[in-house]
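Report on the structure given below.
The values are calculated or read from the model by the stated rules, or taken from the named source; none is laboratory data. The model shown is predicted, which means the values in this text are computed figures rather than measured ones. Here the Cβ is made from the backbone with ideal geometry for all residues, glycine too, and neighbour counts use every protein chain on show.
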Amino acid sequence: MPGSPDAGRAAHWDDRYRSVGPTAASWFEEQPTTSLDLLAALDVRPLNSVIDVGGGASTLVDHLLAVGHTELAVLDVSAVALAAARHRIDDDPAVTWIQADVLTWNPPRRWDVWHDRAVLHFLVDDTDRQTYVTQLRRSLTPGGAFVIGAFAEDGPTECSALPVRRYSIDDLDDLLGDVDVLHRRRHLHRTPGGANQPFNWIAGRLRCA
């Protein structure tokens with residue numbers, strides 16, 4: 001609704017994608033190597049359903065389609081970003097496009113894998129961070145997998161004119177709580193503009209009750 005926090009966030013990111021363009025944005029990766037490596041390390045296969053949270057115009061969906069995935073979802077608050085990705089892959093029917101704010105979204109189903117590269121670090125409020133964890137758990141099947149990347153403790157203090165919250169590996173572990181973190185990684189992302197951005201990543205699975 002007009003004037004709502006969701007509408008404000010959507011307008012911010014729509015404007016960002018229009019003004020900068022999907023491939024010039026600081027988070028753009030032609031080859032999402034770390035994401036793909038961690039998904040492989042968790043033995044994620046084409047038969048597994050995957051939701052890319054904050055996926056926007058990311059190329060991860062292209063690479064997952066290329067190896068045979070048939071049940072993918074991309075969630076983003078920006079309709080402009082989703083339209084760019086949808087056009088790029090010719091609206092492949094294997095992908096469900098979800099225009100929503102992850103904090104207020106009501107998941108209609110569960111997926112096998114939750115992937116997030118760079119949504120979490122924009123959540124600077126503790127309540128929002130806990131809501132994020134709740135949404136992750138609501139969206140995953142029992143024993144489901146997660147791959148999460150966020151700015152490292154020595155990363156940027158803001159991005160796209162917004163403040164961010166930086167994370168050590170231990171911070172990410174502590175936030176998720178009672179899960180099995182199986183892989184931890186630091187990665188130095190080189191932006192299209194030539195800057196270096198340190199990220200920390202964790203990957204693992206929910207514990208079955």
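Of all residues in the range 180-202, none satisfies the criterion of being crowded, with 19+ Cβ neighbours inside 10 Å and farther than 20 Å from Ser58 by Cβ.
Restricting attention to the range 184-195, does a residue exist that is under 22 Å from Trp105 (Cβ atoms) and of a type in the set (Gly, Ala, Ser)?
Of the residues in the range 184-195, the ones under 22 Å from Trp105 (Cβ atoms) are none.
Within the range 184-195, not a single residue is under 22 Å from Trp105 (Cβ atoms) and of a type in the set (Gly, Ala, Ser).
Hey, can you tell me all the residues within the range 1-51 that are within 13 Å of Phe146 (Cα to Cα) and either touching a Ser or Thr at 6+ places or on another chain (Cβ under 6 Å) or part of a loop (DSSP other than H, G, I, E, B) (or both)? Matches in the range 1-51: Leu42, Asp43, Val44, Asn48, Ser49. Residues considered: Asp174, Asp154. Of these, the only one that is touching a residue at least 12 places away in the same chain (Cβ under 8 Å) and not small (Gly, Ala, Ser) is Asp154.
Given the criterion modelled with pLDDT of 95 or more, part of a loop (DSSP other than H, G, I, E, B) and either of a type in the set (A, V, I, L, M, F, W, C) or touching a Lys or Arg at 6+ places or on another chain (Cβ under 9 Å) (or both), identify the matching residue among Gly155, Gly149, Gly144. Going through Gly155, Gly149, Gly144 in turn, the sole match is Gly155.
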